[in-house]
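Engineer: Below is the structure I would like to discuss, written out as structure tokens.
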Amino acid sequence: HEVLLGKESKEDLTDKIDSYLTHPIFGILFFFLIMALVFMLTFTIGDYISGYLETLIEMFNDAIHNFLLQIHVSDWLISLVCDGIISGVGGIITFLPNITILFIALAFLEDSGYMARVAYVMNGIMGKLGLSGRAFIPMVLGFGCTVPAIMASRTLESMKDRRRVMLITPFMSCSAKLPTYILLSGMFFQEHAMWVAYSMYLIGILVALAVAFISSKIEKAKEYKPLLIELPIYKMPSLHTVYVYVWEKVKDFLQKAGTTIFIASIVLWVLLNFGIHGYSSDISSSFAAMIGKTITPVLVPVGLGFWQIAVALLAGISAKEVVVSSLGVLFGISDLNSVSAEGGMQQALLMIGFNSLNAYCMMLFVLLYIPCFASLATIKKESGSSLYMWKAAAFQLAIAWLITFIFYQIARIFWV
């Protein structure tokens, strides 16, 4: 027989902690502070480990390049392997430490019993938006990945509520958007990089809540009754549970790097190196440039009027990590997370007239625009409607354009 000892003292401690963490005002402040701490760890420790990973990828790329030269492989094939595949996949792999730390932190918060408190604390705010506090759980899960977050909307009673949660969950910053924030904030905002990236998480939450509020007014959703939720006793997270959770997420990320990002990198390389007249080293006459230049006019009012950025954003619909790997392929830079590569990328971007304001607008647009293919497929499955999926995608694209447009037009006046 197993005997549970010290339960009363644990319950007393839980009650003491909860007097702060479930407080209507302090509880929300603590939530944002905890997320800021998670961010700081993601940036500081993640960047430190990434440094070693970058060196390995750089050495690997050089070794492959030299080997292909020695066996006299044609230039286009060397370019495909080194500038296309290794730049695309390798560029995104360098962000693996940052993403792993984010998942470890989320697993700790989940298993310690804190996430249930977040739903409880947010119940008052969510109730005024015509949603249950339970609806905040999918939103918090959205920090990890939008797919399981959308699936978590099943806990809501009516399909109407579930659809509203499906509509707002993709506005949360999933881990796939993190590489874009790390890259652009690191290049253009140096010592303020962490806070710039953190602002994306806050903006995502605010936009999601604002959309929920407006839709509740349009649909005349009734205010919700108090939430009944069991708050478990705080406990030290199980290392095995954390390991399983993190390994599943890292495995998904590596599978994505090996499939979606791999294929996207090859497709993008082909579009960049082939034009109407066949293979060409002049990117400006490539198919990618033609596609990018067609979309560019729509992106000019939001501060993203560069065909290279248009191509990266378009490629990012397959998976959000592809935005960064596309930039690597577009500018021929493999280990995007290293200081030298960031310098090279920054110079390349500055040369096309892309500055810190454009960088912030791009982060904002990536935060809010169409979710990835996997998320769209999940929205279709969970809502039981292809039409709803297309409506949700169009709505998110419109919101991204509108908010980035307003920000860019106002910020232009003050931006130094």
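Engineer: Looking at (1) assigned to a helix (DSSP H, G or I); (2) surrounded by 14 or more Cβ atoms within 10 Å (Cβ to Cβ); (3) of a type outside the set (Lys, Arg), can you tell me which one TRP247 breaks?
Structural biologist: (2)
Engineer: Here are some residues: PHE108, PHE103, PHE136. Which one is part of a helix (DSSP H, G or I), on the phi < 0 side of the Ramachandran plot and free of Cβ contacts under 8 Å to residues at least 60 places away in the same chain?
Structural biologist: The conditions single out PHE136.
Engineer: A further question on this structure: Considering only the stretch 157-204, state which residues are closer than 30 Å to GLN346 by Cβ, free of Cβ contacts under 8 Å to residues at least 12 places away in the same chain and of a type outside the set (Asp, Glu).
Structural biologist: GLN190, HIS192, TRP195, SER199
Engineer: Every residue in the stretch 175-196 that is surrounded by fewer than 24 Cβ atoms within 10 Å (Cβ to Cβ) and either among the aromatic types (Phe, Trp, Tyr) or out of contact with any Asp or Glu (no Cβ under 7 Å at 6 or more places or on another chain) (or both), please.
Structural biologist: Scanning the stretch 175-196 gives PHE188, PHE189, GLN190, GLU191, HIS192, ALA193, MET194, TRP195, VAL196.
Engineer: Can you name every residue in the stretch 123-158 that is more than 30 Å from LYS256 (Cβ to Cβ) and of a type in the set (A, V, I, L, M)?
Structural biologist: Residues satisfying the conditions are ILE125, MET126, LEU129, LEU131.
Engineer: Right, another one. Name every residue in the stretch 361-394 that is out of contact with any helix residue (DSSP H, G or I) (no Cβ under 7 Å at 6 or more places or on another chain), in a helix (DSSP H, G or I) and not basic (Lys, Arg), in order of residue number.
Structural biologist: PHE373, ALA377, LEU387, TRP390, ALA394, listed by residue number.
Engineer: Same structure, new question: Assess whether GLN255 counts as being in a helix (DSSP H, G or I), over 30 Å from LYS16 (Cβ atoms), free of Cβ contacts under 8 Å to residues at least 24 places away in the same chain and of a type outside the set (Val, Ile, Thr).
Structural biologist: Details: in a helix (DSSP H, G or I): yes; over 30 Å from LYS16 (Cβ atoms): yes; free of Cβ contacts under 8 Å to residues at least 24 places away in the same chain: yes; of a type outside the set (Val, Ile, Thr): yes.
The answer is yes for GLN255.
Engineer: Another one. For the stretch 318-330, does any single residue satisfy the condition of being surrounded by fewer than 20 Cβ atoms within 10 Å (Cβ to Cβ), on the phi < 0 side of the Ramachandran plot, hydrophobic (A, V, I, L, M, F, W, C) and part of a helix (DSSP H, G or I)?
Structural biologist: no
Engineer: For VAL300, only one of the following conditions fails: (1) closer than 21 Å to LEU350 by Cα; (2) surrounded by 13 or more Cβ atoms within 10 Å (Cβ to Cβ); (3) of a type outside the set (Lys, Arg). What is its number?
Structural biologist: Evaluating VAL300 over (1) closer than 21 Å to LEU350 by Cα; (2) surrounded by 13 or more Cβ atoms within 10 Å (Cβ to Cβ); (3) of a type outside the set (Lys, Arg) leaves (2) as the failure.
Engineer: Now for a separate question. Those residues that are touching a residue at least 24 places away in the same chain (Cβ under 8 Å) and assigned to a helix (DSSP H, G or I), I need them from the stretch 346-360; list them, please.
Structural biologist: Result: GLN346, LEU349, SER356, LEU357, ASN358, ALA359, TYR360.
Engineer: For the stretch 147-185, name all the residues that are within 11 Å of ALA135 (Cβ to Cβ) and outside any helix (DSSP H, G or I).
Structural biologist: LEU156, GLU157
Engineer: Does PHE60 qualify as being under 24 Å from LEU141 (Cα atoms) and either part of a helix (DSSP H, G or I) or of a type outside the set (Val, Ile, Thr) (or both)?
Structural biologist: Values: under 24 Å from LEU141 (Cα atoms): no; either part of a helix (DSSP H, G or I) or of a type outside the set (Val, Ile, Thr) (or both): yes.
No.
Each value in this text was obtained by applying a stated rule to the coordinates, not by laboratory testing. None of these values were measured; they are calculated from a predicted model. Note that each Cβ is placed from the backbone with ideal geometry, even for glycine, and that neighbours are counted across all protein chains shown.
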